[in-house]
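Taken together, the values in this text are just the output of simple stated rules run on the coordinates, not laboratory data. Quick caveat, the model's predicted, so the values are computed rather than measured. Counting neighbours? That spans all protein chains shown, and the Cβs are built from the backbone with ideal geometry, glycine included.
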Amino acid sequence: MATEVPQPPHGHADTDPVQPTTEQFVEVQQSAEFAELRHTYRSFAFPLTFAFIAWYLLYVLLSNYAGGFMGTKLFGNINVALVFGLAQFATTFLIAWLYSRHAANRLDPKADAIKARMEANL
């Protein structure tokens, strides 16, 4: 039989960390440092997202309207459609790997600096 330890009242320093105010969040959001972080993220994510969607739509359109080309056998029972389909998976994993590297090298240090500055102001 375990005995329960009484918990400090809600809002007590032992239960909830101090949170920044709405004004502090807005101030950070409007800062040049945050704008640079947002630009760094968008300059990577938007072009890659657009490229992947275009690549996927190309695959779908070729599958629908270029059946002869997609059915071209490359070797054995392996045709162009199968290679393109598998390349979709490879592209997905490549983009995820590239993004994790980009985030670790370019985004996380900037976000950590913003977070440290906010925590220092509490």
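State whether the residues of the stretch 78-89 include one that is polar (S, T, N, Q) and touching a strand residue (DSSP E or B) at 6+ places or on another chain (Cβ under 7 Å). Yes, because at least one residue in the stretch 78-89 is polar (S, T, N, Q) and touching a strand residue (DSSP E or B) at 6+ places or on another chain (Cβ under 7 Å).
If the requirement is being free of Cβ contacts under 8 Å to residues at least 40 places away in the same chain, surrounded by fewer than 14 Cβ atoms within 10 Å (Cβ to Cβ), assigned to a helix (DSSP H, G or I) and not charged (D, E, K, R), which of these qualifies: 94, 74?
Working: 74 fails: assigned to a helix (DSSP H, G or I).
One residue alone meets the criteria, 94.
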